[in-house]
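The values are calculated or read from the model by the stated rules, or taken from the named source; none is laboratory data. As the structure is a prediction and not an experimental result, all values here were calculated from the model. Quick reminder, even Gly has a Cβ in these numbers, built from the backbone with ideal geometry, and neighbours come from all protein chains shown.
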Amino acid sequence: MARIRELIMNRQEDLNIIWKRIFWIFIALLVLAIAITYSLPDYKVPFIVCIAGNVGGYVGFHRRLSILDDPEIENLSRSWFALILPSFIGGILAGLLYLLFLSGVIRGDLFPVIVPDEDPQCLKQIFNDIFCQHAEGYAAYAKLLFWSFVAGFNQDYVVDLIENIKGSDKKTD
């Protein structure tokens, strides 16, 4: 009985370490989002998309903690990298999904419409065109943030979507 209590306490201590670290990662992401939003106004939308994907990755990872066994929890409590990685990947996948919205590959009522900015300063640089875009109204912004969060939360979603696009491209060849 004492051994079981010790194992439960060790798991709980490891989970507490993980939750504290995840909390600080989340705070760091929010500070980063605020800093980038105010220091790089032309790139506001892509960074907000990335941060929404980071938050989705964070929430998805937090939900998966309950199904992990004790050795996995113990290993996670000892590794900052393993805690940061899911959130980072969530941001990257949200960015990829944003590019799919920009390109028009993904369209429909459930997805945001992205339109170019009309700021002539922004459009003077060639590569900047990718970042000089915005959603078409508040509903499109809500959809963009939702899908960015989903990209991080369910990281298989974007990967499966890309696989489907590749598969449909082969059918047309």
- Task: Starting from segment 42-69, keep only residues that are free of Cβ contacts under 8 Å to residues at least 24 places away in the same chain and acidic (Asp, Glu), then list their pairs with residues that are surrounded by fewer than 19 Cβ atoms within 10 Å (Cβ to Cβ) and outside any helix (DSSP H, G or I) whose Cβ atoms are within a distance under 7 Å, requiring at least 6 positions of separation or different chains.
- Result: none
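Being of a type in the set (A, V, I, L, M, F, W, C) and within 10 Å of the chain's Cα centre (by Cα) is the filter here, so list the residues in segment 75-90 that pass it.
Passing the criteria: PHE88, ILE89.
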- Contacts under 7 angstrom Cβ, first residue in segment 72-96 being free of Cβ contacts under 8 Å to residues at least 12 places away in the same chain, partner crowded, with 20+ Cβ neighbours inside 10 Å and part of a helix (DSSP H, G or I), 6 or more apart: ALA82/LEU76
- Note on the structure: If we keep only residues of segment 135-173 that are more than 24 Å from PRO116 (Cβ to Cβ) and among the polar types (S, T, N, Q), then the residue modelled with the lowest pLDDT is THR172
- Query: Checking ASN128 against (1) in a loop (DSSP other than H, G, I, E, B); (2) modelled with pLDDT under 90; (3) surrounded by 12 or more Cβ atoms within 10 Å (Cβ to Cβ), which single condition isn't satisfied?
  - Reply: (1)
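Mind checking whether some residue in segment 107-122 is of a type outside the set (A, V, I, L, M, F, W, C), outside any helix (DSSP H, G or I), in contact with a strand residue (DSSP E or B) (Cβ under 7 Å, 6 or more places away or on another chain) and at pLDDT 85 or above? Outline the logic, then answer.
Step one: list which residues in segment 107-122 are of a type outside the set (A, V, I, L, M, F, W, C), which gives 107-109, 112, 116-121.
Pick out the ones that are also outside any helix (DSSP H, G or I) and you get 107-109, 112, 116-121.
Checking which are in contact with a strand residue (DSSP E or B) (Cβ under 7 Å, 6 or more places away or on another chain) leaves us with 112, 116-117.
If we keep only those that are at pLDDT 85 or above too, we end up with 112.
Looking for residues that are of a type outside the set (A, V, I, L, M, F, W, C), outside any helix (DSSP H, G or I), in contact with a strand residue (DSSP E or B) (Cβ under 7 Å, 6 or more places away or on another chain) and at pLDDT 85 or above, one finds at least one in segment 107-122, hence yes.
Given the criteria modelled with pLDDT under 90 and surrounded by fewer than 19 Cβ atoms within 10 Å (Cβ to Cβ), does VAL31 qualify? Can you show your working first?
Values: modelled with pLDDT under 90: yes; surrounded by fewer than 19 Cβ atoms within 10 Å (Cβ to Cβ): yes.
So VAL31 fits the description; yes.
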- Task: Taking only segment 37-74 into account, find how many residues are over 16 Å from the mean Cα position of the chain (by Cα) and assigned to a helix (DSSP H, G or I).
- Result: 14
